[in-house]
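Here's the structure we're looking at; comments come further down.
The values are calculated or read from the model by the stated rules, or taken from the named source; none is laboratory data. It should be emphasised that the depicted structure is a prediction, and the values quoted were computed from it without experimental measurement. Don't worry about glycine lacking a Cβ; one is built from the backbone with ideal geometry, like all the others, and counts go over all protein chains shown.
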Amino acid sequence: MFFNRLRKKFKRLYITMFKNYIVFMFLVLLVLLGSICFVIFTIGKMITSEEYVKDTQKFFMASKIVKDDYKKIDASKIIKSNGWVEILDSNKKIIYVIGTKKDKSASYTEDELLHFMDLSYNNLKSDTSYFYSVAPFNSNEKKFYCIVKVPPGIVKLNVDIAPSPDKYIEKAAIYILVAILVIIVFLITSVFLYAYLTTKKVVMPLKKILQGIKRMTEEDYSTRINFNAENEFAEIRDAFNFMAEKIETSKAERNRMEILKQQLLSDISHDLKTPLTSIMGYSKALRDDVVKDDEKIKQYLNTIYNKSKRTVSLIENLHEFTKLDNNGFLINKENWDFCEFVRKIVSEYYNEFEEKCFQIEINLPEHEIMYKFDKLEMERAISNIISNVLKYNKFETKVKIELTCNNYEIELIIADDGIGIDEGLKGNIFEPFSRGDKSRYTKGGTGLGLSIASKIVQKHGGSLTLESCKEYKTMFKLKFEK
């Protein structure tokens, strides 16, 4: 449970947006650092290359500064670095020095010159006393040698005094430009990607919700939306589906009630038409003196009375039904002994039970069961059920009336093992004008008794259900919370 709540919390939209933002910033920093490292690495590699060193330090190379007129050689930077220039004749003897000579060499052998020429740039990294650079040249058709000597480390320390060649500046600028372009392209791509991923989390659920709303406006109440999203949209999805289900159920109920209303009007007109037609026929016969026999006249009047009684009963039940169906109608509850109340009702039907030879089993507690209810309405509800038991069952039917009570509820059972009720009718037996058997059309039933009983019980906050068991085919169970 804890982990589920934690998972739901971290699936909030703002958490997802924050995580996307963190990933986005991490990638930006990663590329930025990568680009900076690339620029530093490429420029570092360039300036430490042998070509670059040679190019930027060419003023230390004898071949770069030598001139035919060796007295005009510019050795100012070499001298500034505590070095000097020596000019040798064809016999390898020093004939001219530019700068302050720091060693005592007066001449060199062929092998020494070859060694200096071979070491050239590598002497920069060696442990020798000086960096040597040798270049032969001709002047006035005579051969000479130019030797540059610089203390070790001077060349490396004084790189900054050498002007950087334009081609290396251009290369460095290209590297920097490429890195900037990579960063810009990545940033633009990342922004679009971040915007896409972020809007996808919002736009997709909104599209689904709008599509659902559109179908709902077209009265397609079976519409349901389904998508995976963060909790905010998931809650909207669930609320929408719940609303759609409620509307669909409400519409189905309205349609059912409309059909029921039409059926109700049809049944009312039918149930009123039959007795009224009989009354009209018999009364016309009496008015026109068609019947002369006193016994026949009495029979006709008796029929008119019974039909009128049935019509009045139907109208009274219809009035009671519409009254109970009105939400504004309030019942008058008072505190009464429910056990004594049921005992009184049953006693009123005792003679009718005996006339039909019913085998009746009555189980009522001896102690009081105090409950707040409307005596008039509750009597009508229980009487309607007992009347049905008497009216539509055959002689010697077994009947059970049992009242039980505990700390939470009161339960009244009225059961019989008579003709029973068809399975197909049990689901709507409490609807108005529902009839448990076909004979009810001819036995004077109005079809409103059980519907009225159900509404009265509901007005008391209870429930009326139809059940069955092995011993009894039909069992009405009334339950009331204490």
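Mind telling me which of the residues 396, 411, 354, 361 ends up being assigned to a helix (DSSP H, G or I) and at pLDDT 90 or above?
Values: 396 fails: assigned to a helix (DSSP H, G or I); 411 fails: assigned to a helix (DSSP H, G or I); 361 fails: assigned to a helix (DSSP H, G or I).
On inspection, the qualifying residue turns out to be 354.
I'm checking my understanding of the structure. Among residues of segment 257-302 that are within 18 Å of residue 451 (Cβ to Cβ) and of a type in the set (A, V, I, L, M, F, W, C), which one is farthest from the chain's Cα centre (by Cα)? Lay out the reasoning, then the answer.
So in segment 257-302, the residues within 18 Å of residue 451 (Cβ to Cβ) come out as 257-272.
Okay, now just the ones that are also of a type in the set (A, V, I, L, M, F, W, C), so 257, 259-260, 264-265, 268, 272.
On the way: 257: 35, 259: 38, 260: 39, 264: 45, 265: 47, 268: 50, 272: 56 Å.
Among residues in segment 257-302 that are within 18 Å of residue 451 (Cβ to Cβ) and of a type in the set (A, V, I, L, M, F, W, C), the one farthest from the chain's Cα centre (by Cα) is 272.
In segment 68-83, what residues are touching a residue at least 24 places away in the same chain (Cβ under 8 Å) and closer than 16 Å to residue 144 by Cβ?
68, 69, 70, 71, 73, 75
Could you list, in sequence order, all residues of segment 340-380 that are more than 54 Å from the chain's Cα centre (by Cα) and basic (Lys, Arg)?
Once the filter is applied, which keeps residues that are more than 54 Å from the chain's Cα centre (by Cα) and basic (Lys, Arg), segment 340-380 yields 343, 344, 356.
When the residues of segment 364-393 are filtered to those that are part of a helix (DSSP H, G or I) and of a type in the set (Ser, Thr, Tyr), which remaining residue is surrounded by the most Cβ atoms within 10 Å (Cβ to Cβ)?
First pass over segment 364-393, keeping only residues part of a helix (DSSP H, G or I): 375-392.
When the remaining residues are screened for being of a type in the set (Ser, Thr, Tyr), the result is 383, 387, 392.
Working: 383: 15, 387: 15, 392: 21.
The residue in question is 392.
Can you name the condition, by its number, that residue 332 falls short on among (1) closer than 25 Å to residue 456 by Cβ; (2) surrounded by 11 or more Cβ atoms within 10 Å (Cβ to Cβ)?
Of everything listed in (1) closer than 25 Å to residue 456 by Cβ; (2) surrounded by 11 or more Cβ atoms within 10 Å (Cβ to Cβ), residue 332 misses just condition (2).
Would you be able to say whether some residue in segment 431-450 is in a helix (DSSP H, G or I), at pLDDT 80 or above and outside the structural domain of residue 265 (by TED's automatic domain parsing)? Give the derivation first.
Narrowing segment 431-450 to residues in a helix (DSSP H, G or I): 438-441, 449-450.
Right, trim to at pLDDT 80 or above and you get 449-450.
From what's left, outside the structural domain of residue 265 (by TED's automatic domain parsing): 449-450.
Checking segment 431-450: at least one residue is in a helix (DSSP H, G or I), at pLDDT 80 or above and outside the structural domain of residue 265 (by TED's automatic domain parsing).
Name the pairs whose Cβ atoms lie under 6 Å apart, with the first residue in segment 452-471 and part of a helix (DSSP H, G or I), the second surrounded by 14 or more Cβ atoms within 10 Å (Cβ to Cβ) and among the charged types (D, E, K, R), and 6 or more positions between them or separate chains?
452/320; 456/377
Out of curiosity, is residue 315 in a loop (DSSP other than H, G, I, E, B) and either surrounded by 11 or more Cβ atoms within 10 Å (Cβ to Cβ) or not charged (D, E, K, R) (or both)?
Numbers: in a loop (DSSP other than H, G, I, E, B): no; either surrounded by 11 or more Cβ atoms within 10 Å (Cβ to Cβ) or not charged (D, E, K, R) (or both): yes.
Spelling it out, it is not the case that residue 315 is in a loop (DSSP other than H, G, I, E, B) and either surrounded by 11 or more Cβ atoms within 10 Å (Cβ to Cβ) or not charged (D, E, K, R) (or both).
Residues checked against (1) assigned by TED's automatic domain parsing to the domain that holds residue 143; (2) among the small types (Gly, Ala, Ser); (3) at pLDDT below 85; (4) part of a helix (DSSP H, G or I):
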| residue | (1), (2), (3), (4) |
| --- | --- |
| 34 | no, yes, yes, yes |
| 37 | no, no, yes, yes |
| 55 | no, no, yes, yes |
| 79 | yes, no, no, yes |
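Please determine whether any residue of segment 228-249 is within 32 Å of the chain's Cα centre (by Cα), basic (Lys, Arg) and in a helix (DSSP H, G or I). Full working, then the answer.
At the first step, the residues of segment 228-249 found to be within 32 Å of the chain's Cα centre (by Cα) are 228-249.
Remaining after also requiring basic (Lys, Arg): 237, 246.
From what is left, the residues that are in a helix (DSSP H, G or I) are 237, 246.
Among the residues of segment 228-249, at least one is within 32 Å of the chain's Cα centre (by Cα), basic (Lys, Arg) and in a helix (DSSP H, G or I), which makes the answer yes.
Test residue 409 against the criterion of being charged (D, E, K, R), within 16 Å of residue 454 (Cα to Cα) and in contact (Cβ under 8 Å) with a residue 60 or more places away in the chain, and give yes or no. Outline the logic, then answer.
Numbers: charged (D, E, K, R): yes; within 16 Å of residue 454 (Cα to Cα): no; in contact (Cβ under 8 Å) with a residue 60 or more places away in the chain: yes.
No, not satisfied.
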